[in-house]
Structure formats: C-alpha cells, structure tokens
Amino acid sequence: MKEPDMGIPPLFRCPISLDLFKDPVTLCTGQTYDRSSIERWLSCGNSTCPVTMQKLHDSSMVPNTTLRHLIDRWLQINCSHGYDLDYFQTVDDSFVVLKHKLQSKESTLETKVEALEQVLVLSEDLPFQNCPLIQLDFFQMILELALENAVESSNLMFVEKALVCGLKLLPFSDLGTLNMLKEDESKFTNLLILFREGTFIIKKSLCHFIVAISSSLQSKELLAMLGKSKILIQELVHLIENKQDGSEESIRALSALSSLEQNCQVIAKENAVKALITYIVNAPECQYRSLLAPVMAMRTIETLLVVESAKEDVLNHPNGVSEIVKMVFRVSSDNEASESAVSCLIIVCQDFMDAREEAICCGILTKLLLLLQSQCSERTKNKARMLLKLLRSMCNGDQK
C-alpha cells in the first residue's frame, strides 16, 4: 500500500474524539463536533458545549455540509489510491511522540539528537502543506531548545543539529516566532554565546536566521536589536577577516543588518568595511567561494558609506579605492557589482581629493568608458556619467 502524503488537518478533527469527522454537526454555540461524539456527551447528562462550556439553550444539531464537502474533497485528493485512514492517525501520533522526546527532560542527549535526525528525514520526505511538523509547531520548539542548550559546550552537537532542522522548517514557519529573541533576554544572550563559542555550522546557521529576520516586517525591532550588538558584529567581522568557513554567510548577515540604516554606525565602527574590502581582494584566490559573495560585499560597503568613518576606511585601506575601481568593469562581474562600485566611488570621490587622484591612477576613466559601451543597465550608465563628470571637474582644476 502506498503511504499517504499528508496528516489530517486540525480543522478536520472532532474536538472530542480528535478523529477525522464522519458526520460533522454544529451546535448553537457555533462549535462543530462529530455527531456520534456529541450525542454521547449529551447522553451522559451534560448540558454544555464541550469546547466553550457554554450552557446549551438549544440542543439541536445542524449538519455542517460545508465542512463535510471540504473533507470529502480532501479525501478524494489524498485517499484516491485506497489509503487506510487509520494511517493518518498513526502518522500524527508518531509526530506527537517525536515532539515529546525532544521536550522531555528525561530524554538523553543522544535520544534528542536521534529525534532531530528523524525530523530532518521527515522534513525531506513530507510535503509541508498541512505537515504535522508545521501544525505541531516544531520550528518554535526546536529553536527554543537550541537556545536553551547554548551554554553547555557538551550540547553543541545537539544545537548544531537543531539549528539545521530549524532552517529546514524556516521557509514554512511564522517568522514572527523569531521575536522570542527580543522578548527573552536570556535567549538573546545565548544567541551571542553561540556566535562566540559555537561551531562553524552553528554560526553559519545563525547567519541564515539573521537574513530571514531582515526579510520580515514583523522582526524590524529585532533586527535593530541585533544591529546594536557589538559582540555580534565583531563575531561576523572576525569570520570574514580570518577567511574562515562561513565568510559568505557572514557577509550576507552583515548585509541584512545594514539594510536598517540605524545599524550602519555600529557595523562601520567595528571595521566591517576594511574586512569586506580585504575579502574582495582575496576572493579570486578562494575557489570554493561563489561569485555572488564579492558582489554582496561591495553592495554592503555601498550601504555603509552613509557613515563618515566608513568613507575614511575605504580611503585608508591599501587596496580600498583600487579594488573598487577593479569592480567597476570586470568580464566576470555582473551589472549589480558595477553599479555598486560606481556608487561607492561617487561617494568617496565627492568627499576626498585623494580618492579622485587614486581612482584616476588606477584607470577608472578607461573602465567607465568601457562600462558605457557595455550592455549594463541605463541606471548604471547614468551613474558612470556622474562619476566621469565629477572626475572631469578635477582635471579642469575645479578641486573641492
């Protein structure tokens, strides 16, 4: 027998028996029950609604035909191959047992790790629509467990596995759940501990969560809170500076944090611009890195240039201006990299005469002319013209 793809949606379960509705009927309170279950309840002398506990002024039952049709349709889709309905109950029960193993204080660490491995397998095999992993809110539970176990170094293997599971469930879960970090100071503190003492897999996973937080309107306050944390920014910069596994993820996290302008001041002060420039310089030597990482690094530098000290960091870095000039026009670079590079040069050249001189010495004029003849976007070309005009003013003696 082929196994079914989905568990029973909660809406299709009787609140009394917790089984699939067979004959749903609605009481005067608006609550729906399976007819046999509610009749048994009333025959025992009860005169209240089981869910609301309201007194039943009218014991009549109205067939819930809409729900009945929905269930029939659901059964046609999911049981068209003769599936045994008892299997659905078994599937959901197994998820409840799995959740209990993870939550129980009596479960050993080994048992919990094995349970997480099961979650990983289930997250691959089951579709996520109406999946019990989502219905039973495994995402919140697993994330809470990961943060609760952050303090003990012996628990890092469990935390690592938990965060990987969390990332599997993340696209199908409520991102507002991540606000637990804002609402519970101990959880936020444990997050910082994991960034400081966790494995590379843990740190990379947490970077993915930061990117997710930046994409949700529900988590803007949390994003601001993360951006104010010097410890967090220092750890992200440290990963980039040391060319460690997780550099790309750290750049994505910094980019996500800098999307909120109020965070840029702290990020810039922790030498992020210097680290990003050095990363771009060394990126071609690291074959395992994707081409997208240097582009994102350049875009993040552009974002941070709203801060005065960030501009000075570009100018003072031995490869600052020259590396940005190289990014203006490269055969392997895309339009986004060129546009960000030109934008960066406009910003620093407007404020620093030394930056203009160095850019010209590094061949920026030739690269801009090549860019104008390329297939880049009109917006990028307009920015290239602006930079040419700015540099021409220097050549004509109109020095700022």
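The values are calculated or read from the model by the stated rules, or taken from the named source; none is laboratory data. From a predicted model like this one, the values you see are computed outputs, not experimental measurements. So basically every Cβ, Gly included, is an ideal-geometry build from the backbone, and we count neighbours across all protein chains shown. These accessible areas exclude ligands, DNA and RNA; they are computed on the full protein's heavy atoms, side chains included. Shrake-Rupley method; radii C 1.70, N 1.55, O 1.52, S 1.80 Å.
Out of S104, S94, S43, which single residue is modelled with pLDDT under 85, exposed (fewer than 13 other Cβ atoms within 10 Å of the Cβ) and on the phi < 0 side of the Ramachandran plot?
Numbers: S104 fails: modelled with pLDDT under 85; S94 fails: exposed (fewer than 13 other Cβ atoms within 10 Å of the Cβ).
That would be S43, the only listed residue that is modelled with pLDDT under 85, exposed (fewer than 13 other Cβ atoms within 10 Å of the Cβ) and on the phi < 0 side of the Ramachandran plot.
Being more than 18 Å from A272 (Cα to Cα), within 17 Å of the chain's Cα centre (by Cα) and of a type in the set (A, V, I, L, M, F, W, C) is true for just one of I193, I213. Which residue is that? I'd like the intermediate steps shown before the answer.
On the way: I193 fails: within 17 Å of the chain's Cα centre (by Cα).
So the residue among I193, I213 that is more than 18 Å from A272 (Cα to Cα), within 17 Å of the chain's Cα centre (by Cα) and of a type in the set (A, V, I, L, M, F, W, C) is I213.
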Please indicate, with yes or no, whether at least one residue in the range 351-359 is of a type outside the set (V, I, T), touching a Gly at 6+ places or on another chain (Cβ under 9 Å) and more than 21 Å from E241 (Cα to Cα). yes
Checking A310 against (1) in a helix (DSSP H, G or I); (2) modelled with pLDDT of 90 or more; (3) surrounded by fewer than 20 Cβ atoms within 10 Å (Cβ to Cβ), which test does it fail? (3)
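If you take the residues of the range 324-341 that are in contact with a helix residue (DSSP H, G or I) (Cβ under 7 Å, 6 or more places away or on another chain), part of a helix (DSSP H, G or I) and open to solvent by 10 Å² or more (accessible area, probe 1.4 Å), which of them is modelled with the highest pLDDT?
E339
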Within the range 131-153, the count of residues that are assigned to a helix (DSSP H, G or I), buried (at least 17 other Cβ atoms within 10 Å of the Cβ) and modelled with pLDDT under 85 comes to 3
Could you say whether any residue in the range 255-262 is at pLDDT 95 or above, out of contact with any Gly (no Cβ under 6 Å at 6 or more places or on another chain) and of a type in the set (D, E)? no
Give the residues of the range 345-388 that are in contact (Cβ under 8 Å) with a residue 40 or more places away in the chain, of a type outside the set (A, V, I, L, M, F, W, C), in contact with a Lys or Arg (Cβ under 9 Å, 6 or more places away or on another chain) and crowded, with 17+ Cβ neighbours inside 10 Å, sorted by residue number. K367
Report whether or not K203 is open to solvent by 30 Å² or more (accessible area, probe 1.4 Å) and over 21 Å from L305 (Cα atoms). no
Failed item, numbered, when L156 is tested on (1) at pLDDT below 90; (2) surrounded by fewer than 18 Cβ atoms within 10 Å (Cβ to Cβ): (1)
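Among the residues in the range 67-80, are any in a loop (DSSP other than H, G, I, E, B) and at pLDDT below 85? First the steps, then the outcome.
Quick first cut of the range 67-80, residues in a loop (DSSP other than H, G, I, E, B) only: 79-80.
Filter once more, keeping what is at pLDDT below 85: 79-80.
Yes, the conditions are met somewhere in the range 67-80.
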